[in-house]
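The values are calculated or read from the model by the stated rules, or taken from the named source; none is laboratory data. Since the structure is predicted, the reported quantities are computational estimates derived from the model, not experimental observations. A quick note on method: Cβ atoms are made from the backbone with ideal geometry, for glycine too, and the neighbour counts reach across all protein chains shown.
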Amino acid sequence: MNRQRVQSALLPVVAVLVAFLIGAIVVLADGKSPVRAAEAVIKGSMANRAAIGATLEKATPLILTGLAVIVGMKAGLFNIGAQGQLLLGSIMSAYVGYRLTVLPTVVHLPLALLAGVAFGAVPAFVVGVLKAYRGVHEVIATIMMNTILVNLTDWLAGGPWMQPDQAISKTPPIQASAEIPKVADLPVGFFLAVVMAFVVWFLLSRTTLGFELGTVGANRDAAHYAGMSVKGITVLAMTLSGALAGLGGAIETQGVVGRFEPGFNRGLGFDGITIALLAKVSPRAAIPAALLIGALRASSTQLQSIAQVAPEIVDVILAVALLLVAAPMIIRWALRLRNASGVEGVNLNTGWGS
């Protein structure tokens with residue numbers, strides 16, 4: 001068992017190292033220096049306090065969207081909709097942040113955060129109900145919901161909630177009372193995300209609810225025969241997942257952007273899938289995984305200016321790492337599907353998080 005745990009823990013590390021090696025080969029093939037590229041990443045992500053702050057800012061929503069995907073996976077659900085949930089949470093946080101003008105910080109800031117959490121949870125709740133009571137596959141439902149929410153938030157930011165006298169679609173800036181502050185150039189929102197990672201870890205590993213989520217994810221039939229409300233747990237898991245994604249969008253609005261701008265938050269929800277897989281569906285491991293990707297994202301400008309390397313190399317590295325980590329999980333899942341009709345104890349509903 002210990003050997004299996006060590007191998008499981010080493011897989012993401014090896015995957016990242018191989019991905020960096022392939023990235024270095026690509027950079028070298030382009031006639032650029034991998035050493036200069038590595039120097040640019042270090043300088044852009046950790047050379048000084050401002051660079052460290054930028055890395056933490058990039059990592060913050062990634063931790064939360066990673067947690068959103070992890071909660072879903074533990075219950076056997078694959079939440080592809082974290083992107084749309086994050087966007088809805090982000091714009092609703094912005095609306096509360098700029099619309100309410102007479103509230104003190106102690107009320108306004110958490111109220112805007114709660115708006116992001118609540119409205120991130122709403123579309124996920126709808127998907128959970130469709131999954132539990134109508135059998136609609138959550139992957140299809142969340143993909144369709146993403147399309148709805150992306151267009152809805154674009155319309156709101158470019159229409160009724162658009163800042164007057166602006167040529168670019170964006171909401172007015174939030175009030176100072178709704179802003180998440182920085183301390184010594186370090187974003188407070190990052191530490192809130194870290195706290196949430198430990199809260200989710202405790203929930204999943206130390207509570208009855210976490211046990212039920214894991215049981216439903218491992219075998220829905222066994223959970224049903226054990227007297228668990230499989231439908232209720234399915235809805236709850238999706239709702240919690242959406243709430244975490246919405247919180248990521250709210251912190252991005254209140255702690256980084258200061259308003260909602262269409263396009264600024266694109267991709268953060270999908271990066272959450274990378275975080276969840278690199279973390280091997282572990283809430284605590286989502287923190288270093290997000291810091292790694294945050295460092296790469298924060299150094300993209302330095303890659304261009306110092307090493308003359310296109311920032312798309314970061315996407316290549318992340319794609320290779322994701323492929324190497326996800327491949328064993330996909331193979332195991334495919335084998336379960338193949339043997340489901342003839343192997344005792346194997347069930348089509350076995351979750352990703354098992």
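Filtering 18, 71, 41, 27 for residues that are closer than 30 Å to residue 155 by Cβ and not hydroxyl-bearing (Ser, Thr, Tyr) leaves a single hit, 71.
From the list 40, 15, the lone residue that is buried (at least 19 other Cβ atoms within 10 Å of the Cβ), at pLDDT below 85 and of a type in the set (A, V, I, L, M, F, W, C) is 15.
Considering 168, 174, the condition of being within 30 Å of residue 51 (Cβ to Cβ), at pLDDT 95 or above and assigned to a loop (DSSP other than H, G, I, E, B) is satisfied by 174 alone. If you go through the range 76-105 and keep only what is under 20 Å from residue 173 (Cβ atoms) and among the hydrophobic types (A, V, I, L, M, F, W, C), you end up with 86, 87, 88, 91, 92, 94, 96, 100, 102, 103. Among residues of the range 311-326 being within 18 Å of residue 31 (Cβ to Cβ) and either in contact (Cβ under 8 Å) with a residue 60 or more places away in the chain or out of contact with any helix residue (DSSP H, G or I) (no Cβ under 8 Å at 6 or more places or on another chain) (or both), the one that is surrounded by the most Cβ atoms within 10 Å (Cβ to Cβ) is 313.
Does residue 231 qualify as being modelled with pLDDT of 90 or more, over 20 Å from residue 65 (Cβ atoms) and part of a helix (DSSP H, G or I)? Yes; evaluated as a whole, the condition is true for this residue. Against the list (1) touching a strand residue (DSSP E or B) at 6+ places or on another chain (Cβ under 8 Å); (2) more than 23 Å from residue 192 (Cβ to Cβ); (3) among the hydrophobic types (A, V, I, L, M, F, W, C), the condition residue 144 fails is (1). Aliphatic (A, V, I, L, M), modelled with pLDDT of 95 or more and under 23 Å from residue 275 (Cβ atoms): does that describe residue 130? When the stated conditions are applied, residue 130 does not pass them.
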